[in-house]
1. Just a yes or no: is a residue in the stretch 103-112 among the hydroxyl-bearing types (Ser, Thr, Tyr), touching a Pro at 6+ places or on another chain (Cβ under 9 Å), modelled with pLDDT under 85 and under 19 Å from Leu243 (Cβ atoms)?
2. Just the residues that are more than 23 Å from Thr185 (Cα to Cα) and either of a type in the set (S, T, N, Q) or free of Cβ contacts under 8 Å to residues at least 12 places away in the same chain (or both), please, taken from the stretch 91-136.
3. Report, by residue number, each residue of the stretch 151-199 that is polar (S, T, N, Q) and touching a Lys or Arg at 6+ places or on another chain (Cβ under 6 Å).
4. Is it the case that Thr91 is at pLDDT 75 or above and under 20 Å from Ala165 (Cβ atoms)?
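The values are calculated or read from the model by the stated rules, or taken from the named source; none is laboratory data. All values reported here derive from a predicted model rather than from experimental measurement. Please note: Cβ atoms are built from the backbone with ideal geometry, for glycine as well, and neighbour counts cover all protein chains shown.
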Amino acid sequence: MKFYITTILLAVVSISNTTFAQIRSNNAISATVAGQSVFLDASANGFSGSTNLGKGISFPRTDLTTFTFATPNTGALNFPTGYDGMIVYNTATGNTPATGSGSGTQAVTPGFYYFSNPTAGPGNYTTAAGKWLPMGSSAAINNKVNILPTETITNTLVNNAQVYAIKGTFTASGTSTAVNIPSPTGMTAMYGITIYKAGTNIVYDRSLYSYTLGTGAGNAVTGSPSMSVVYPADTYDYVLEYLK
């Protein structure tokens, strides 16, 4: 009986070691994976023997409006980077939870996201300062984002801070440089504003003299730092890009 138990244990250890040491691809096993730059190579056409049968990687799907992290630990299955670089496909539209999911209350839409937590490291495994940043979304085509009347996450970061955008319209009086554009909820600074001729994609102006944040309407004055421009009386479309 002891002989058989010992044999079984040795077989399990052997299978375990082979599993971790010989992962390379679907039809080519490599025992030197530890010395290679990739831990998994699935580039070979070994799934069906045909190059016409498409294959891809299905990423984990999750609802980032309810997702929270398991606390990183320093045990055998630790995540010493505090999940920095983790990728998921988000299925929901809304905001991330206030706690347990990085800095929290981030606006998300369906699409690929990665968790940016570069401050994590040895002795600091917290996820509290991390942010879910978009890799792309259903609204992004050719790296262009479909800006909505509601808050939109853009593909732009400034010093690792997410840039948001919102579109709307305003009416110019034709006699004053002042244009009232509402400040989006949570806006702390303006990144830029693009103003279009109404109902077209023709850019009328992309400059701003000042923008006064407020709980109601922000007072935007168009023009360059040396002069202001009085817009002809009309209705204009705009895209406001901002930071929180």
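1. yes
2. Answer for the stretch 91-136, where residues must be more than 23 Å from Thr185 (Cα to Cα) and either of a type in the set (S, T, N, Q) or free of Cβ contacts under 8 Å to residues at least 12 places away in the same chain (or both): Thr91, Ser116, Asn117, Thr119, Gly123, Asn124, Thr126, Thr127.
3. The answer is Thr188, Thr194.
4. Against the criterion (at pLDDT 75 or above and under 20 Å from Ala165 (Cβ atoms)), Thr91 does not qualify.
Listed here are the residues, each with its yes/no results for (1) at pLDDT 80 or above; (2) within 19 Å of Val163 (Cβ to Cβ); (3) surrounded by 13 or more Cβ atoms within 10 Å (Cβ to Cβ).
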| position | (1), (2), (3) |
| --- | --- |
| Leu208 | no, yes, yes |
| Asn219 | no, no, yes |
| Gly223 | no, no, yes |
| Val230 | yes, no, yes |
| Tyr236 | yes, no, yes |
